[in-house]
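Notes for the one structure printed next.
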């Protein structure tokens, strides 16, 4: 899998998604989240694959282990690059997710990378403590979930760029850190609290970045995408 940024396709319909994608002349790394998937169903995945886009299916699945096994097994029929569950579901759930992914991947195909959500990038430490009643630091919570994911056989985690370096130090450089909350310097943080620029995310050790509104809401999405790619790739070219 290439390391180009994933564009978050946070649109409600296929028509809007298609209109956006037609601006680009090459296959992209794209993230399909709950908004697009739940309102349009699996045909979204099928349509994107027909256009040769590479997909991170971001449904943050969180349920009892047997349900997760069956759900992931069904999703494994598609040629996904990444998919995820929520680490708060625990080790047994994550292990069953991995088993379902392996069981459902067609013979001769490589399975998708399976990652776990740690803490959402919209979550602050104060919110975590008062609403989730987790009384460690936010960094400690994220590291704990990352360690659980690794012990469960997962390939990595979703985290903010701010925790990526800590996770790499704890879990190894090959453990993936997929980081949303990416904004260009002039961008608006909106509902995200733990954010970074593409360049800063690269410096902090992110394996992959996910960029949404900085590209999709830009006056010139293609130019914004090129800017993100340039920032993301620049350190490795020095």
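Only the coordinates and a few stated rules stand behind these numbers; no lab work does. This one's a predicted model, so the numbers in the text were calculated from it and none came from an experiment. FYI the Cβ positions are ideal-geometry reconstructions off the backbone, even for glycines, and counts take in every protein chain you see.
Counting alpha carbon pairs within less than 8 Å and at least 6 residues apart, what relative contact order, in whole percent, applies to segment 88-223? Each step should come with its number before you reach the end.
Working: 211 pairs, mean separation 30.7, N = 136.
Reported relative contact order: 23 percent.
Run the numbers on the chain and let me know its relative contact order in percent, using alpha-carbon pairs under 8 Å that are six or more apart.
On the way: 459 pairs, mean separation 41.6, N = 238.
RCO, the chain: 17 percent.
For segment 45-162, what is the relative contact order in percent, using Cα pairs closer than 8 Å and at least 6 residues apart in sequence?
26
Highest mean first, what order results for 115-121, 143-149, 216-222 on Cβ atoms within 10 Å?
Values: 115-121: 24.7, 143-149: 21.4, 216-222: 13.3.
Highest to lowest by the protection proxy: 115-121, 143-149, 216-222.
Could you rank the peptides 76-84, 103-111, 59-67 by their average count of other C-beta atoms within 10 Å per residue, with the highest value first? Don't skip to the answer; put the middle values down first.
Working: 76-84: 20.3, 103-111: 12.1, 59-67: 16.0.
Final packing ranking: 76-84, 59-67, 103-111.
Hey, of (i) 35, 28, 17; (ii) 29, 24, 15; (iii) 25, 23, 17, which did the structure itself give for semi-axes √(5λ) of the Cα gyration tensor in Å when calculated?
Structure-derived value, by its label: (iii).
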